[in-house]
Amino acid sequence: MNIYSWDKDTSLVNGLIKEKKLPLKIIVKIKDDLNMLKKFIDHHSKIVTSESIIIFDNNSLGVDYNIYLEELSQHCLVIRFSSFHNDLHNVEKFKHLYESLQESSQFYTFLDADERLVYINNDECIADSRLVDKLMEQGRNNVIYGTWLSNLPGIENKFKIRESDDDLMKGRAWGKPIIGCKANITGFINHNIQLVKNIGINNSTHNFFILHLNNLSATQRINANIRKLKARGFIENNTNVEDIVSLKSIETDDFNIKLYIEEIIRLKNGSKIMSSSESVPHIELFDNGNIDFYCNGTYRYFKKYLLDSEVKYDVIDNSFLKKSIKSNKDINYHIEVFDTDLIKGWAVDKFGDPCKITVKINDINFAYVVALARRTDLKKSNLSSGLGGFVISIKNVVQIGTNKIEIIISNDSHATKTICSNIVVN
């Protein structure tokens, strides 16, 4: 078998994809992550045949990694592509790929190497061919919104599901879609939230989950961030972690790049990924399919989520919406409440997708949220599909005297808007 080039062998590759008619095709996007790729293949080979796994490699350089890729090409379709890695999720840029997948599969999904597809009911986690059987029960016009479950730091089989943070709602919004071959898709479709404006929040099953193994170790997080910096052209391929840590200043307006570098420096200087306490509400998944919950409350929260036909969001009405919109072309937003207790408002980008909100208090990062609260007013005004609200409590955080507050709004296209204000507490 061969390793193909998308740039040079587009017609041939699409022909090979169309040739194999299969119920589910899993596409993995990857660059230089040997350990994760091996585990990805091991997990998903129990669910589908090797012919159903398509590897899109973003021109990796690692010697051992490329040796393994050659081995995989004997069983899987391996394709190299040279454009920005997230371009793979742009339907228009990879039009022929999506057409080939629609023609040759009943369902298809794009995953990263640190993600694992599973099906969970009340008492079992399914990660074998029965998952495909469950999927075939769904309509081909549908999109199945796979819910992200993020692992507890350093623990590979425990995943946080905190009701207090509504982890399941956030996971459904930012998880990965399993797309029916007849679903009408356009635009950029990496995460579920990016399909909602076209497909809508449907009543499909909540039982499909994407296990997100993104908190295994500090080294994993550092390497992942370095790969993202290279993909964005901020650093050269030969740049190492010491070079990044020694940066005296960060010359960029890209908010995501700043976050990647800040996390690299923090982790390199000895900080933990985050608290690894197992006292965080979680679900534990065992190799034999058994599952266990942190407590009865966690079980009830999870069970209710499986039974709900639609994820519920807070509803906020704003009758003066159109008069209050502020814009910097790429971002529309409005801060409705900004006082010593609360910051509340909404923020969406020009496509209607929820923005990311970071709050700094006296130059210290205090909060990071995604504007996922339901806003019926935004939907009525055609600004979003109905999401975009946020509420951040700063009660008991600000100090006596003058406090510098920064609200940084950003989107996936690297546009940012910073709102600065001083709040005085007597």
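Determine whether the stretch 93-104 contains at least one residue that is modelled with pLDDT under 95, part of a loop (DSSP other than H, G, I, E, B) and touching a Ser or Thr at 6+ places or on another chain (Cβ under 8 Å).
Scanning the stretch 93-104 turns up at least one residue that is modelled with pLDDT under 95, part of a loop (DSSP other than H, G, I, E, B) and touching a Ser or Thr at 6+ places or on another chain (Cβ under 8 Å).
Any residue in the stretch 92-99 that is within 16 Å of Tyr4 (Cα to Cα) and either open to solvent by 10 Å² or more (accessible area, probe 1.4 Å) or free of Cβ contacts under 8 Å to residues at least 24 places away in the same chain (or both)? Write out each step before concluding.
Keep residues of the stretch 92-99 that are within 16 Å of Tyr4 (Cα to Cα), which gives 94, 96-97.
Remaining after also requiring either open to solvent by 10 Å² or more (accessible area, probe 1.4 Å) or free of Cβ contacts under 8 Å to residues at least 24 places away in the same chain (or both): 94, 96.
Within the stretch 92-99, one or more residues are within 16 Å of Tyr4 (Cα to Cα) and either open to solvent by 10 Å² or more (accessible area, probe 1.4 Å) or free of Cβ contacts under 8 Å to residues at least 24 places away in the same chain (or both).
Given the options Val118, Val132, name the one that is among the aliphatic types (A, V, I, L, M) and not in a helix (DSSP H, G or I). Before you say what the answer is, go through the steps one by one.
Numbers: Val132 fails: not in a helix (DSSP H, G or I).
Among Val118, Val132, only Val118 is among the aliphatic types (A, V, I, L, M) and not in a helix (DSSP H, G or I).
Take the conditions over 18 Å from the mean Cα position of the chain (by Cα), closer than 30 Å to Asn238 by Cβ and of a type in the set (Val, Ile, Thr) and apply them to Ile67. Does it pass? Outline the logic, then answer.
On the way: over 18 Å from the mean Cα position of the chain (by Cα): yes; closer than 30 Å to Asn238 by Cβ: yes; of a type in the set (Val, Ile, Thr): yes.
For Ile67, the condition - over 18 Å from the mean Cα position of the chain (by Cα), closer than 30 Å to Asn238 by Cβ and of a type in the set (Val, Ile, Thr) - is met.
Within the stretch 393-414, how many residues are open to solvent by 10 Å² or more (accessible area, probe 1.4 Å), under 16 Å from Asp341 (Cβ atoms) and modelled with pLDDT of 85 or more?
Count: 0.
Looking only at helices (runs of 4 or more DSSP H) that fall completely inside the stretch 1-79, which ones have 3 or more residues that are of a type outside the set (Gly, Ala, Ser), exposed (fewer than 13 other Cβ atoms within 10 Å of the Cβ) and without any contact (Cβ under 8 Å) to a residue 24 or more places away in the chain? Show your work before the answer.
On the way: elements: 10-19, 34-44, 63-72.
Where helices (runs of 4 or more DSSP H) fall fully within the stretch 1-79 and carry at least 3 residues being of a type outside the set (Gly, Ala, Ser), exposed (fewer than 13 other Cβ atoms within 10 Å of the Cβ) and without any contact (Cβ under 8 Å) to a residue 24 or more places away in the chain, they are 63-72.
So Ile120 fits all but one of (1) modelled with pLDDT of 95 or more; (2) surrounded by fewer than 21 Cβ atoms within 10 Å (Cβ to Cβ); (3) not acidic (Asp, Glu); what number is the exception?
Here Ile120 clears every test but (2).
Taking the residues in the stretch 164-214 that are touching a helix residue (DSSP H, G or I) at 6+ places or on another chain (Cβ under 7 Å), within 14 Å of Leu149 (Cα to Cα) and assigned to a loop (DSSP other than H, G, I, E, B) as candidates, determine which candidate is modelled with the highest pLDDT.
Only one residue tops the list, namely Asn207.
The values are calculated or read from the model by the stated rules, or taken from the named source; none is laboratory data. These numbers come from a predicted model, not from an experiment. Heads up, the Cβs are rebuilt from the backbone with ideal geometry, glycines too, and the neighbour counts pull from every protein chain shown. Note: accessible area is taken over every heavy atom of the protein model, side chains too, but ligands, DNA and RNA are not part of it. Shrake-Rupley method; radii C 1.70, N 1.55, O 1.52, S 1.80 Å.
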